[in-house]
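All remarks here apply to the structure that follows.
What follows is calculated from the coordinates using simple rules that are stated; it is not laboratory data. Quick caveat, the model's predicted, so the values are computed rather than measured. Because the Cβ atoms are built from the backbone with ideal geometry, glycine has one as well, and the counts that use them run over all protein chains shown.
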Amino acid sequence: MSLIQELAGKDVLNMTMLALSLSGYVNGVAKKHGEISQNLFPGFEIHAITNGVHTFTWASPYFVNLFDDYLPGWAHEPELLVRVDNIPDEEIWDAHCGAKAYLFQYIEETTGTKLDPDILTIGFARRSATYKRGDLIFSDLERLVRIGGGKLQLVFAGKAHPNDEPGKLMIQRIIKKTAQIKGKVEVVYLENYNMEVAYRLVPGVDLWLNNPIRPLEASGTSGMKAALNGVPNFSVLDGWWIEGHIEGITGWSIGPPATETSLDDNHAAEDLADLYNKLEKVIIPLYYADRTGWIRVMKNAIGKNAYYFNTHVMMRRYVTEAYIR
Ligand SMILES: *Cc1c(COP(=O)(O)O)cnc(C)c1O
């Protein structure tokens, strides 16, 4: 056997195996991702260092000002966000409303649609890859309208890879279904999703939805951007959310807990039922009938998620666990 075969596989050149063979340290980008990768490549020792987002880059101007006032130094030391309870509820809410208005203005300019700032607004934006199931919430339009009529509006964004035909078809399905519920549950799909759009979109919605087929979401960093801006996650237990989720405290889960490790673990029906049920029975009532309770979850997203899931913590871990050993 040649050297390259020993390093990269006997029959075909496996680039992953080549990288694994030539690396002094290997890690997944969330605990679960590490475990799944370890199962795929049992011959290598695979660790896990969970991804993070850069706090100053991803905090909206409204929250930058707020954090500067109450938690000076937070940008260099995001752990200070753990003291978010020092910020009065009204000021958290005002900052959020500012970010929401800033997004809605952009939506009106680019699409002509005027959304209602008083309505619970769900955000979903990421690459349009089929495993992320962007169209899941539209599976039962009757139920969506029954639950969300007058109470919900949705903001979507995301491009498919140019060669990903199923991903493009998923966007077409969403647009088509959106037209069918026009005037009942308002949905906008923003074009050309990129970091600039994300900068406005993520902090400007009330709830961040993520419903991939587990365990395919390696990390899911957009949820960390949301948490940083007091936008709670409503997500399948996969990637970073397994580590960041405390039910009803930092946000909400969708579907069963993350115990399975098989690669075709599609619980679509179970996930969908849980998604609709929790929206109807837990999330919508909390938003409209208990604003103080809602703001508590917003604060916990900042104080229990964002204080930890950031690049400062992540880089320290890379330095101490991977680079200097
Ligand atoms: C953060 C971000 C992503 C990643 O989103 P995930 O939910 O982690 O897949 C993708 N695209 C843009 C433009 C982003 O800002």
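Data overview
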| quantity | calculated |
| --- | --- |
| Dipole in debye (nearest 20) - the range 55-309, about Cα centre, beta carbon charges: Lys, Arg +1; Asp, Glu -1 | 680 |
| Separation between Cα centres of the range 186-229 and the range 274-325, rounded to whole Å | 13 |
| Selection from Ile107, Pro61, Val26 lying farthest towards where the dipole of the chain points positive, charges on Cβ | Ile107 |
| Net dipole in debye of the range 260-325 [+1 Lys, Arg Cβ; -1 Asp, Glu Cβ; about Cα centre; nearest 20] | 720 |
| HN-Hα J in Hz across the range 153-160 - Karplus 6.51, -1.76, 1.60, θ = phi - 60°, x for Gly and Pro | 9, 10, 10, 10, 7, x, 9, 8 |
| Förster-model FRET efficiency, 35 Å R0, Tyr102 and Ser139, C-beta, rounded to 0.05 | 0.65 |
| Total charge dipole magnitude, the range 60-184, about the Cα centre, Cβ charges on Lys, Arg, Asp, Glu only, Debye to nearest 20 | 1220 |
| Entries in Lys32/Lys184; Lys100/Lys281; Lys114/Lys278; Lys278/Lys304; Lys177/Lys304 that, when Cα-Cα distance is taken, lie over 32 Å | Lys32/Lys184; Lys177/Lys304 |
| Proportion of all alpha-carbon pairs of the range 179-278 beyond 25 Å (%) | 24 |
| Relative packing of 277-286, 110-119, 294-303, which averages over residues the other C-beta atoms within 10 Å, highest first | 294-303, 277-286, 110-119 |
| Förster-model FRET efficiency, 56 Å R0, Glu247 and Met1, C-beta, rounded to 0.05 | 0.65 |
| Distance-filtered residues of the range 96-112 - backbone nitrogen under 18 Å, label point 7 angstrom along Glu196 Cα→Cβ | 102-112 |
| Nitroxide proxy distance, nm - points 7 Å out along Cα→Cβ at Tyr323 and Ile175 | 4.4 |
| Built amide H within the under 5 Å cut-off of His47, gap 5+ | Val26, Asn27, Gly28 |
| Lys/Arg +1, Asp/Glu -1 at C-beta; the chain dipole; positive extreme among Ile302, Ile119, Gly73 | Ile119 |
| Overall Cα dimensions of the chain - principal axes, largest extent first, Å | 66, 47, 35 |
| Alpha carbon centroid spacing (whole Å) that separates the range 46-93 from the range 141-166 | 29 |
| Helical contribution to [θ] at 222 nm, DSSP H n ≥ 4, -39,500 (n - 2.57), averaged over the chain, rounded to 500 | -12500 deg cm²/dmol |
| Rule-of-thumb Rg ratio for the range 1-74 [Cα; 2.2 N^0.38 Å; N residues] | 1.78 |
| Sequence-separation-based contact order of the chain, relative, with Cα cut under 8 Å and 6+ spacing, percent | 22 |
| Amide H contacts under 5 Å for Tyr189, placed H, 5+ residues apart | Phe156 |
